[in-house]
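A short worksheet on the structure shown next.
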Amino acid sequence: MTSLFGSYDIETMNEADVREMIVRPLLHKLGYRQGTEANILTEKRLSYSKAFLGRKKPSKDPDLVGRADYICEIVSFGRWVVEVKAPSQELTVDDAHQAHTYAAHPEIGAVFSLLTNGREFQLYRLSAPDEPIFSWRTDETEALMPNIENLLGPEAIKRRVHVPVDLKKPLAKGYNSKIQLSGGHLEYTRHSTDVQAFQDSIGHMDGMRASVIGEAAYRLPDGRIQGELDLAGPYSVLDQINKAAGMDVLVFSTADEFISNNVESPTIFQNVVRAALRPGVEFPIPPGVPPALVGQAPGAVKFPLPFGFAMTAFTEAVGYIQDDRFRGTFDIIYDFRFDSVPSAIQAMLPPQMDLRGEGTFDIIIK
């Protein structure tokens with residue numbers, strides 16, 4: 001058989017072969033190595049070699065027969081054990097209970113027990129030793145690695161300290177099937193337009209930051225990943241305009257199967273927004289915009305929108321996950337179409353205008 005772990009003939013293998021040819025490569029693939037923070041223990045010595053729960057009773061506690069083949073630990077965060085059987089042996093409830101005995105021993109304190117005979121794997125939670133929470137055939141390992149990593153990978157074990165088990169397909173390596181956005185910012189670094197009269201005005205937006213308020217990323221039924229982003233800009237007037245135009249929460253999506261953890265191969269999220277405003281909607285005058293440009297006298301702070309407009313904005317955000325942050329760059333192309341423009345400002349405001357914005361983002365996730 002050919003697999004993620006190389007070629008092997010399961011029919012000729014014994015228990016030791018399964019340990020070294022199938023299980024150990026899987027542990028290495030997950031990121032575990034002996035002598036590291038993501039450590040592999042074999043033959044762990046127990047001070048009390050009895051199977052017991054609660055208070056020790058040397059005269060009554062049964063002996064702990066054997067030891068777990070592997071104990072995988074994230075130092076100071078958690079452990080899980082692997083019990084290996086020969087390929088000729090069908091996995092039984094008794095085998096699961098044996099693995100549970102190792103996992104439940106107070107000197108081991110594992111959160112999961114993984115049982116395998118080289119043909120299949122069964123993963124049990126400590127609190128439910130009778131029914132596996134996840135099982136797969138060995139030839140399915142490569143296809144299911146993201147799910148396995150999300151359950152047993154070092155980062156997943158760290159998160160298990162506070163986060164419930166999530167059996168759904170993860171969004172990224174080490175993350176669950178839903179990622180919360182809990183802070184961060186976007187910074188607009190450069191703006192340009194094809195209408196020269198507006199170039200100086202939009203230059204005031206360079207260096208502007210918007211704060212990330214929240215929302216989340218999740219997987220759609222068709223398999224794509226979708227993210228919702230709620231922002232608060234540096235000026236309340238822009239928030240009011242965005243809300244009035246239906247742009248207060250931005251929705252992005254990607255066809256990538258997983259959000260990248262690799263800066264060299266980032267994930268591309270895209271968003272298309274179409275919005276429109278009717279003439280007469282009243283807003284504060286945006287910072288940097290001369291009152292005359294919107295038909296108001298010098299010193300005016302509000303104005304009724306003297307014209308209507310329709311806008312299409314295409315945004316592409318390119319980023320990657322690192323250290324619980326989603327970082328990258330974005331590029332926005334706006335297409336404005338104006339109507340009912342008063343004759344007094346027609347010379348400054350053409351029927352159509354393109355605007356482009358570029359910037360960076362750094363979003364805190366959990």
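Each reported figure results from applying straightforward, stated rules to the coordinates on display, with no laboratory input. On a predicted model such as this, the values are computed, not experimentally measured, just so you know. All Cβ positions, glycine included, derive from the backbone under ideal geometry; neighbour counts span all protein chains shown.
Take the alpha carbon gyration tensor of region 66-141, find the square roots of its eigenvalues, order them as a ≥ b ≥ c, and report rounded if a/c is under 1.5; if not, report prolate when a/b exceeds b/c, else oblate. Prolate, because a/c is 1.5 or more and a/b exceeds b/c. Against the main long axis of the alpha-carbon atoms of the chain, helix 93-104 sits at an angle near 70°. Separation of the alpha carbons by more than 25 angstrom is noted, of 158/178; 44/173; 44/366, for 44/173; 44/366.
Under 20 Å from a label point set 7 Å out along the Cα-to-Cβ vector of residue 92, the amide N atoms of region 3-19 belong to 14-16.
Relative to the globular-protein estimate of 2.2 N^0.38 Å, the Cα radius of gyration of the chain stands at 1.41. Projecting the Cα atoms of 110, 192, 307 onto the charge dipole of the chain, computed from C-beta unit charges around the Cα centre, puts 110 farthest toward the positive end. Our coupling estimate for region 29-36, obtained by passing each phi through the Karplus curve with A = 6.51, B = -1.76, C = 1.60 and θ = phi - 60°, is 4, 6, x, 9, 9, 5, x, 10 Hz, Gly and Pro reported as x.
Working note: 222 nm ellipticity from helices only, DSSP H runs with n ≥ 4, each -39,500 (n - 2.57), summed and divided by the residues of the chain, gives -4000 deg cm²/dmol to the nearest 500. Principal axis extents of the C-alpha atoms in region 102-230 (largest first, rounded to whole Å): 73, 33, 20. Between amide H atoms placed 1.01 Å from N, distances below 5 Å from residue 281 occur with 305, all of them 5 or more places distant or on a separate chain.
With both labels modelled 7 Å from their Cα along Cα-to-Cβ, the residue 310 to residue 126 distance reads 6.1 nm. Shown in residue order for region 134-149 are the 3J(HN,Hα) couplings computed by the Karplus curve 6.51 cos²θ - 1.76 cosθ + 1.60 at θ = phi - 60°: 7, 9, 7, 7, 4, 6, 9, 4, 4, 5, 9, 3, x, 5, 5, 4 Hz (x for Gly and Pro). Sorting 125-131, 12-18 by their mean Cβ neighbour count within 10 Å, with the most densely packed peptide first, gives 12-18, 125-131.
Taking the Cα centre of the chain as the origin, how large is its charge dipole in debye, to the nearest 20, when only Lys and Arg (+1) and Asp and Glu (-1) carry charge on their Cβ atoms? Don't skip to the answer; put the middle values down first.
Working: 37 positive and 48 negative charges, 232 e Å.
In total the dipole reaches around 1120 debye.
Taking amide hydrogens as placed 1.01 Å from N in the peptide plane, the amide H of residue 78 sits under 5 Å from that of no residue at least 5 positions away in sequence or on another chain.
When peptides 167-176, 28-37 are sorted by average Cβ neighbour count within 10 Å, with the highest value leading, the order is 167-176, 28-37.
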